[in-house]
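S.K.: Please read through the structure below; I'll follow up with questions.
Every read-out reported here was derived from the displayed coordinates using simple, explicitly stated rules and does not represent laboratory data. Fair warning: this is a prediction, and the values are worked out from it, not measured in the lab. When we count neighbours, we look across all protein chains shown, and the Cβ atoms used for this are built from the backbone with ideal geometry, even at glycine.
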Amino acid sequence: MTLRAAGRVRPSGRSCPERAQLKSGAYPVMSLAHDDHLDAPTLTGPGPSLAGVEDFVALLKPRVMSLVIFTALVGLVAAPGGLHPVLGAIALLCVAVGAGASGALNMWWDADIDAVMTRTQNRPIPAGRVAPGEALGFGLLLSGVSVMLLGLATNWLAGGLLAFTIFFYVVVYTMWLKRWTPQNIVIGGLAGALPPMIGWAAATGTVGLESATLVAIIFMWTPPHFWALALIKSEDYARAGVPMLPVVAGEDETRKQILLYSIALAPLGVLPAAIGLGGWAYLALSSVAGLAFVGFAWRVYRLREGVPARRAAGKLFAYSLFYLTALFATILIEKSLGVAALTAPFDGWM
Amino acid sequence: MAEEDGVRLTTEQQRQRRRRNVAIAWALGALVVLFWLVTIFKLGGNVLNRPL
């Protein structure tokens, strides 16, 4: 059974300047307009399912979910005013389930490219353990439940933001941008950046400059983070026909873009200390960590050949995870300890 | 197998179906508890603020 036979609508063969470039490359690139590139044995057909509970858990992308929960928690805790801890925990659960639902819908749509990438070919759908229709139903059900419960438990601004995030990740990023443009993760990164704003909205019923700053940090962090991974895994992406920047524009251009985004990210990471979100510890840590981020990006820019180049990209990828976690954890710790935030430049304005 | 016999599940398929059913039951139970908690904590002390 093919994906089409499973009721899945394939993306149409739309025009894309990068795709022609992609197909002329050294890699055997799969046609995105081709409908039947997954052969019968690779997908589960109708009939009794062998899917285990753990396969449905895998559809939720638990590792991605953990970062989403963490950033949403920071938005929730950093927000002024108090949401009852039980309602706060339920709000976080809703954000987590919503993120998981996005993951399931992403895997439903991307089963064809997951099947040809080594990193993803053992996911439940390409491995044939879960049928595409099961994943679709599972994702839609969890999306609806998470948005409804968040709206009821907190407010409908938070519920609406969660619905928008799921929509943006699944429709705008997965279905549209990912296979169309090398700017896919730049724009699509907004979906991964929104959880702190959802947490903030759940606690306050508003979205402020503070939550927008947290969103901006993750938004600016996403391109260097994923492009560092793409430098290491570019063959995988090329084989799958995903126009990641290294595949389409070349590795040198990717290294330049990584450096530029890192230079933009470093001061942005310090901004919370200027708008009442962070204290002295945050100011010190974000300054040093931001400089180190640019340092790692500079090494990726300079080292372009062989093992040292791959190692530099790998180090930047790992450090970027540490960087974001450290910044948000510092805000969380300072707020939890009641450390006074710095507000000097805008004192009295907000 | 005659057509009227229908689909016969293998032992493994039966085992996985049972596990899925148990997981669904737990999820539904958790949802009931969550709605109950939301109701209680949204009401808070206001539940006592009414004419008796």
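S.K.: Please report A:His84, A:His225 as a ranked list, fewest other C-beta atoms within 10 angstrom at the top and most at the bottom.
M.R.: With the sparsest Cβ surroundings first, the list reads A:His84, A:His225.
S.K.: If I model a spin label at A:Ala329 and A:Ala89 as a point 7 Å from the Cα along the Cα→Cβ vector, what separation in nanometres do I get?
M.R.: The modelled label-to-label distance comes out at 2.3 nm.
S.K.: Fully extended, how many nm does the chain gain between B:Arg19 and B:Ile40 (0.36 nm per residue separation, minus their Cα-Cα distance)?
M.R.: 4.4 nm
S.K.: With a/c under 1.5 counting as rounded, go ahead and sort the range A:55-207 into rounded, prolate or oblate using the C-alpha gyration tensor (a ≥ b ≥ c being the square roots of the eigenvalues; past the cut-off, prolate if a/b is larger than b/c, else oblate).
M.R.: It is prolate, given that a/c is not under 1.5 and a/b is the larger ratio.
S.K.: Still on this model: Per residue of chain B, what 222 nm ellipticity follows from adding -39500 (n - 2.57) for every DSSP H run with n ≥ 4, rounded to the nearest 500?
M.R.: Details: 1 runs with 33 residues, N = 52.
Counting only the DSSP helices, I get -23000 deg cm²/dmol.
S.K.: Continuing with the same structure: If we count every other residue with Cβ under 10 angstrom of A:Arg129's Cβ, Lys/Arg +1 and Asp/Glu -1, where does the sum land?
M.R.: The answer is -2.
S.K.: Something else about it: Could you tell me the distance between the Cα centroids of the range A:162-195 and chain B, to the nearest Å?
M.R.: Each part's Cα centre sits 31 Å from the other's.
S.K.: I've got another one for you. Calculate the FRET efficiency for A:Ala264 and B:Arg50 from the Cβ-Cβ distance with a Förster distance of 45 Å, rounded to the nearest 0.05.
M.R.: 0.20
S.K.: May I pose another question? Would you order A:Lys178, A:Lys256 from fewest to most other beta-carbon atoms within 10 Å of each residue's own beta-carbon?
M.R.: Least to most surrounded, the residues fall as A:Lys256, A:Lys178.
S.K.: Now a separate question. If one takes the longest principal axis of the Cα atoms in chain B, at what angle in degrees, from 0 to 90 and to the nearest 10, does the Cα axis of helix B:11-43 lie?
M.R.: 10
S.K.: Related question: Rounded, prolate or oblate for the protein assembly as shown? Axes are the square roots of the Cα gyration tensor eigenvalues, ordered a ≥ b ≥ c, and the cut-off for rounded is a/c under 1.5. Please report the intermediate quantities before stating the final value.
M.R.: Values: a/c = 2.33, a/b = 1.09, b/c = 2.13.
Oblate.
S.K.: Could I ask something else about it? Which net charge results when you count Lys and Arg as +1 and Asp and Glu as -1 among the other residues whose beta-carbon is under 14 Å from that of A:Leu60?
M.R.: Around A:Leu60, the surrounding residues sum to 0.
S.K.: A further question on this structure: So how much slack lies between A:Glu235 and A:Trp156, counting 0.36 nm per residue of separation and subtracting their Cα-Cα distance, in nm?
M.R.: Separation in residues times 0.36 nm, less the Cα-Cα distance, equals 24.1 nm.
S.K.: Working out 0.36 nm times the residue gap between A:Lys315 and A:Val53, then minus their Cα-Cα distance, what length gain in nm do you get to one decimal? Walk me through the numbers before you get to the answer.
M.R.: Values: separation 262, 0.36 × 262 = 94.32 nm, distance 3.48 nm.
Result: 90.8 nm gained on full extension.
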